[in-house]
1. What is the one condition in (1) under 23 Å from Gly271 (Cα atoms); (2) open to solvent by less than 30 Å² (accessible area, probe 1.4 Å); (3) at pLDDT 80 or above that Tyr122 does not satisfy?
2. Within the set of pairs 6 or more residues apart or between chains, which connect a residue that is assigned to a helix (DSSP H, G or I) inside segment 186-203 to a residue that is of a type outside the set (A, V, I, L, M, F, W, C) with Cβ atoms less than 7 Å apart?
3. Considering each of Val239, Val173, Val224 in turn, give the residue that is of a type in the set (Val, Ile, Thr), at pLDDT 95 or above and at negative phi.
4. So, in segment 238-259, how many residues would count as being surrounded by 14 or more Cβ atoms within 10 Å (Cβ to Cβ) and either free of Cβ contacts under 8 Å to residues at least 24 places away in the same chain or of a type in the set (D, E, K, R) (or both)?
5. I need the full set of residues from segment 273-295 which are closer than 21 Å to Ser71 by Cα and either modelled with pLDDT of 95 or more or open to solvent by less than 10 Å² (accessible area, probe 1.4 Å) (or both), in order please.
6. Looking at Glu216, is it touching a Lys or Arg at 6+ places or on another chain (Cβ under 6 Å), open to solvent by 10 Å² or more (accessible area, probe 1.4 Å) and among the acidic types (Asp, Glu)?
7. Mind checking which residues of segment 159-188 are among the hydroxyl-bearing types (Ser, Thr, Tyr) and open to solvent by 30 Å² or more (accessible area, probe 1.4 Å)?
Amino acid sequence: MLYPSISKLMCANFSTDSNGEKTRLTHKTIRLSDFESKKMFDAVIRLPDPYQSKSKLEKHLSLSYLTAMQSMPTDPDLPETPMADQGDISNKSTFVSEGLLTGLSQALGDVVCYEDERGGTYLHNVAPAKEEVGKLSSGGSKRKLKLHTELSFFQSRPDFLSLICVKKDHDSVAETTFVDVEQAVQLLSKSTIQLLQSKRFIHRTPDSFHKAHNGEIWSSPTPVLFSRNGQYFANLSFVFSKALDSEAETALALFEEALDAREQSVKLTPGDFLVIDNHKALHSRRPFIPKFDGQDRWLQRVFILSALKNNPDVSENYFRNIITKGILDTGKAGV
């Protein structure tokens, strides 16, 4: 393989202090089981040109808010599409998609998981779920998933997310959509941009975190738009974020209109690999109709933190041996 894969991963957990006011995000190192490690080292995966060298791959992945690679190797035989959020897919006989997803993602940083989301599963199976058909969630399918960045509630949110398509939907209509924040901001007035950069918005934890914490938690007021060195970045979900006053609500609606106007889409097919910059872009998914016959659309996803990539405690073979602490997003959001 191009990248030796990981036998340890970062796992993040958050907890509230004694007075219930400050919530901290704690990273800890976990060791993967032999079975999980086998997914990464499975077989020899030969990448198509122009991704053969490490330097070419890293440059290719870091150039834009979104990178798409097609014609990646695929698993020769596949089991039925797993249930949404099912972590253990031990009935797969080969693990080409897992090896590609985690191996390629390491060109951008460390693959991480969040302990209170999906039981700390580091590789997420994204597939339709019967009980979530009409929900605005990764397991939904009937409704368009609204534009969002991942885990907007956290300051230590992922820098990138990677997706690989294992199976396409039956009717080949499902589309992954994305939009460049910079392009959307060009459509906004100066006053609207200033409002979006003010601390007049809050974010709540995703539904997947509620079970571990007996309900939702909201952040302190924070901006949803940031700028650095003349470039704009965003952090929001049109499902999990809300404005605190009418002016901010109007600005948020105008931002959504601008994002919708610049939205693009792609229909992922098996072997397609997609990397999205979680600060420079928002993404979503358009509706499709699942049949729940074991052959429905199946994507796999991982989250990546780039800040750990050059840490001196990371060995040359990319084993992860770092324990760090961060603060949950309490109005200090940024990139």
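1. Only one criterion in (1) under 23 Å from Gly271 (Cα atoms); (2) open to solvent by less than 30 Å² (accessible area, probe 1.4 Å); (3) at pLDDT 80 or above is unmet by Tyr122, namely (3).
2. Taking only residues 6 or more apart or on different chains, the pairs are Leu195/Glu247; Leu196/Pro223.
3. Result: Val224 is the single residue among Val239, Val173, Val224 that is of a type in the set (Val, Ile, Thr), at pLDDT 95 or above and at negative phi.
4. Total meeting the criteria: 4.
5. Phe273, Leu274, Val275, Ile276
6. yes
7. Of everything in segment 159-188, just one residue is among the hydroxyl-bearing types (Ser, Thr, Tyr) and open to solvent by 30 Å² or more (accessible area, probe 1.4 Å), namely Ser172.
Here's the yes/no breakdown for (1) buried (at least 20 other Cβ atoms within 10 Å of the Cβ); (2) modelled with pLDDT under 85; (3) in a loop (DSSP other than H, G, I, E, B):
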| site | (1), (2), (3) |
| --- | --- |
| Thr74 | no, no, yes |
| Glu80 | no, no, yes |
| Ser90 | no, yes, yes |
| Ala107 | yes, yes, yes |
| Val112 | yes, yes, no |
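The values are calculated or read from the model by the stated rules, or taken from the named source; none is laboratory data. Quick caveat, the model's predicted, so the values are computed rather than measured. FYI the Cβ positions are ideal-geometry reconstructions off the backbone, even for glycines, and counts take in every protein chain you see. In case anyone asks, the SASA skips ligands and DNA or RNA and just uses the protein heavy atoms, side chains included. Shrake-Rupley method; radii C 1.70, N 1.55, O 1.52, S 1.80 Å.
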